[in-house]
Every structure is written in C-alpha cells, then in structure tokens.
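Chemist: Sharing a structure here in structure tokens format.
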Amino acid sequence: MRITEARVVVTCPGRNFVTLKIVTEDGVTGVGDATLNGRELAVAAYLDDHVVPLLAGRDASRIEDTWQYLYRGAYWRRGPVTMTAIAAVDTALWDIKGKVAGLPVYQLLGGRSREGVTVYGHANAEDVDGVLDEVAHYSGLGYRAVRVQTGVPGLASTYGVGGDRMFYEPADAAVPTENVWSTSRYLQHVPTVFRRVREEFGPRLRLLHDAHHRLTPIEAARLGSSLEPYDLTWIEDPVPAELQSGYRLIRQHTTTPVAVGEVFNSVWDCKQLIEEQLVDYIRATVVHAGGITHLRRIFDHAALHDVRSGSHGATDLSPVCMAAALQLDISIPNFGLQEYMRHTPETDAVFPHTYRYEGGYLHPSQEPGLGVDIDEERAAAFPYRPAQLPVNRLEDGTVHHW
Ligand code: CS2
Ligand code: MG
C-alpha cells in the first residue's frame, strides 16, 4: 500500500496544534499528532521540509522500517523536534495499519490488559479552599486520582494554576510571560495543602503533584519527605529531567514515589533512571517520544524493572495523541496512570474522536485504527497564533526552570 500524499495541518482552535495526515493509494488515511507547545512551527517545518518529501511512494505497512529510516537516516538524532516529527509519521502509519486490519490498534499490540484506562484530573486553584472545591468536583465526576496544584502565598502566579476551572493552557503570549518563583515559599506551603486535602477527603483518593522541574535534588528530597504522611501516588518532575544523578539523592531521603518523562524523547533519555529504579513512573508520550513504536519500547524497558507508565496528557497534546495513547495504555502490562486534561469543545470539534470518559476511566475507541481524525475544513478556520510558554525567574531576577 503506497503512500501518495502527506500533509501538515496547523490549526489553533483556542491553542495551536500540528497534525500530519498521510494518504495511501487505496484512499486509507491516518493521522499523527505533531504538536510541540511553543515550538509548533519548528516541527511543521521539519515535517514539511525534511520528512514529507521522503514519504511519497513508501509502503505504508512498513512502520518499523519507516521509523528506522527517519531516525537513523537523519544522522541528527533525538530531541523534541525530531522525535515529535517521527512520532507523527509513526502514529499515522499505525492508524492506517489498524484501518487496513479492521481492528483498533490496541488489538495489534496484544489486546486489552485491563477494563479501562485510569486517568487523573487536575484540581488547581489559587488557594486551598479553591483546591478543596476542585478536588470535590473531580471526585464527583468519578475520578480515582487527582493532581493538586495551588498558588503559593506571596507569589503572583505559579505553575499549574490556570484561570479556568476545566482547561489549563500555559502558552499564553507571543512573547513569554514572566513569572516569579520562590522555592522556599513553595516548600513551606505545599505540605499544608496536602494535609488539608487528606483531612477533607481521607486516605483513598490518589493524589499527585507536579513540581515541574523546579527543585534541586535536596529540595526535592525535602519535599518528598514532608509529603510522606499524605501518601501521594507521585511527585512529578521534582528536578530537571536531565539531572539524572539527582534522582539518586532523592531516593536516599524519601519513599514518596517519583514520576518523570514528559520532556523525554527516547528510551536513551530514561534508561538509567529505569534500570537504577530511580523513578516509579515514566511519563513519556506518543507525540514527543517517537510515536507508538518507540513509546512501546520505553514501556517495555520500564516493565522489565517494574516501572509503570504515567503518560503526559495536557491540553497541548491533541486528541490525536490521546487516542493513540489510550491504545497503548489499555494494552501494556505496566500501565500506571494516564493524565487527562479535557480539551475544549472547539478542539474536540476539529478532532472528532470516539474515545470516551466514564467513571474515572478513559476507554479507547473500538473503531479500526485510532478512532480519531482531523476535520480539515474546521481546522482551516483557526489560523496559527504565536504563543510561547512562560519564562520563570527567581525573586532576584535569575532565570529559573519554568
Ligand atoms: C504539565 C504540562 O501536564 C503536566 O504535567 O507538566 O502542563 C506542561 O507544563 C505542558 O504540557 C507544557 O506544554
Ligand atoms: Mg508535568
């Protein structure tokens, strides 16, 4: 089955998304998410200029060969732009493979290993009372796991606290918004929040927290230790992901589980963390870690070391990515949790899909392929809008991790 066309669609139904659509000679099409928040046009150009010209005439059924051709053949390897572009091609080819086989992709990955994909919602608010309302809201929707983020007294803004109850979008300006950060204020505040949440909701609800790369190893060790009484499912991105040795120090001081990986793009980014048991969950995603083919390799490597998945699922990953992620989530043996930040109705209209939420689970589409598409006519109505992620500074003006 030859590829006859591949086209990159950039659209902005409230936020920017990049999608690759591949068309075959039989008219079967497949889609892949290629969205990299704040760097969308870099991936679109990589695809348009360096990948799409290579696809016409290739056999769409040769997914692994195409992956290797685009990865090894490029010489310049890894990194978010390259691996997001490869991910889009890979995801679209799996979509086509499923459609040709007449099966949802998870049936080609070994079939169902669980009844549903447990997801976690985002309870975030400026203050603790607001957070308690949000946790109650998500509990009321049936969520079994909730991530808790709050404002920090004395700071005008912080990661993870958005202006909208249901939708959080950090890429908010063409020139990065500047935030001010204080680790000491944050470390003093966070334990008080989780104490209140546990007092209000008891021990059963799974609680998570995202430190968003901002701490040093000893600060992360202190946070993990201070949160042990509240039995978190994980602290996410406690230190910058490239500081892999830092995770050893964290492990020496706390039993609070650690999750990392949404910024990882290959198994080589997390091999040491997995093999040395320095993390408990690996959060790499279909769209940023080379697609279904490579993410499955990461999860298989993790499974050898009893590390579980916990894939990123923020609003800047499109419904195409979520549809693909669920095909892996339902089938891998070492599934942990799937992040689920709902997209807006505008986005859902551009990306019609048949995965569905019910009682704390997401259920993958049962249609052949991934069960998602892009409505290109609707997409054309939303032109790209420059938007970048914020820049974070300490109170003395030093640039810090955002
Ligand atoms: C966050 C994301 O969802 C998460 O865990 O880390 O909101 C992240 O900040 C954005 O996806 C970056 O684009
Ligand atoms: Mg995160």
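The values are calculated or read from the model by the stated rules, or taken from the named source; none is laboratory data. Every value quoted in this text rests on a predicted model; they were computed, and no experiment measured them. Here Cβ is always computed from backbone atoms with ideal geometry, including for glycine, and neighbour counts include all displayed protein chains. The protein model used for the area step is the full one, side chains on, heavy atoms only, and it has no ligands, DNA or RNA in it. Shrake-Rupley method; radii C 1.70, N 1.55, O 1.52, S 1.80 Å.
Chemist: Using the Cα gyration tensor of the stretch 73-120, with a ≥ b ≥ c the square roots of its eigenvalues, what is the shape: rounded (a/c below 1.5), prolate (a/b larger than b/c) or oblate (neither)? Walk me through the numbers before you get to the answer.
Modeler: On the way: a/c = 3.16, a/b = 1.60, b/c = 1.98.
It comes out oblate by the Cα gyration axes.
Chemist: Right, something else. As an exercise, use a Förster radius of 35 Å and the Cβ-Cβ distance of SER61 and GLU377 to find the FRET efficiency, rounded to the nearest 0.05.
Modeler: 0.75
Chemist: For the stretch 119-209, build the convex hull from the C-alpha positions and give me its volume per residue in Å³. Walk me through the numbers before you get to the answer.
Modeler: Working: hull volume 8.6 nm³, N = 91.
Dividing the Cα hull volume of the stretch 119-209 by its residue count gives 94 Å³.
Chemist: Report, in deg cm²/dmol and to the nearest 500, the calculated mean residue ellipticity at 222 nm for the chain, where each DSSP H run with n ≥ 4 adds -39500 (n - 2.57) and the sum is divided by the residue count.
Modeler: Estimated from H runs of four or more residues: -10500 deg cm²/dmol.
Chemist: Taking the full set of protein chains and a 1.4 angstrom probe, give the accessible area of PHE335 in square angstrom, rounded to the nearest 10.
Modeler: Estimated to the nearest 10 Å², PHE335 gives 20 Å².
Chemist: How far apart, in nm, are two points set 7 Å out from the Cα along the Cα-to-Cβ line at LEU155 and at GLU115?
Modeler: Label at LEU155, label at GLU115, 3.9 nm between them.
Chemist: Can you give me the solvent accessible area of ASP300 with a 1.4 Å probe, rounded to the nearest 10 Å²?
Modeler: Rounded to the nearest 10, that gives 70 Å².
Chemist: Explain nothing, just the number: dipole magnitude of the chain about its Cα centre with +1 on each Lys and Arg Cβ and -1 on each Asp and Glu Cβ, in debye rounded to the nearest 20.
Modeler: 760 debye
Chemist: Taking the Cα centre of each part, how many Å lie between the stretch 1-20 and the stretch 165-209?
Modeler: Comparing the Cα centres of the stretch 1-20 and the stretch 165-209, I get a distance of 34 Å.
Chemist: Let a ≥ b ≥ c be the square roots of the eigenvalues of the Cα gyration tensor of the stretch 3-104; is it rounded (a/c under 1.5), or, if not, prolate (a/b larger than b/c) or oblate?
Modeler: Judged from the Cα gyration tensor, the stretch 3-104 comes out oblate (a/c at least 1.5, b/c at or above a/b).
Chemist: Further, regarding this structure: At a Cα cut-off below 20 Å, give the aspartates and glutamates reachable from LYS97, other chains included and same-chain residues fewer than 8 away excluded.
Modeler: LYS97 reaches GLU5, GLU25, ASP26, ASP33, ASP59, GLU64, ASP65, ASP329, GLU367, ASP373.
Chemist: Taking Cα atoms, how many degrees apart are the long axis of helix 183-201 and the longest axis of the chain, rounded to 10 and kept between 0 and 90?
Modeler: For helix 183-201, the angle is close to 90 degrees.
Chemist: Further question on the same structure: What whole-number distance in Å separates the alpha-carbon centres of the stretch 47-93 and the stretch 261-330?
Modeler: Distance between centres, Cα-based: 19 Å.
Chemist: I'd like the orientation of helix 80-101 relative to the chain: the angle between its Cα long axis and the longest Cα principal axis, in ° from 0 to 90, rounded to 10.
Modeler: Roughly 60 degrees between the two axes.
Chemist: On to the next question. Which percent, to the nearest 5, of DSSP beta bridges fully inside the chain are antiparallel?
Modeler: 50 percent
Chemist: Would you mind classifying the chain by shape? Square roots of the alpha carbon gyration tensor eigenvalues, ordered a ≥ b ≥ c; an a/c under 1.5 is rounded, otherwise it is prolate if a/b is larger than b/c and oblate if not.
Modeler: In terms of gyration-tensor shape, prolate.
Chemist: Using only Cα atoms, tell me the angle between helix 128-140 and the longest principal axis of the chain; keep it within 0 to 90° and round to the nearest 10.
Modeler: Helix 128-140 sits at roughly 50 degrees to that axis.
Chemist: Continuing with the same structure: Apply the Karplus curve 6.51 cos²θ - 1.76 cosθ + 1.60, θ = phi - 60°, to the phi angles in the stretch 105-116 and return the couplings in whole Hz, x for Gly and Pro.
Modeler: Working through the residues one at a time gives 4, 4, 5, 8, 9, x, x, 6, 10, 7, 6, x Hz.
Chemist: If I ignore ligands, DNA and RNA and count only protein heavy atoms, how much of VAL52 is accessible to a 1.4 Å probe, in Å² to the nearest 10?
Modeler: 30 Å²
Chemist: Moving on to the next point. Keeping all protein chains in place, calculate the accessible area per residue for the chain (probe 1.4 angstrom), answer in Å².
Modeler: 38 Å²
Chemist: Per the 1.4 Å probe, what fraction of the accessible area of the chain, in percent, lies on carbon and sulfur atoms?
Modeler: Carbon and sulfur together cover 51 percent of it.
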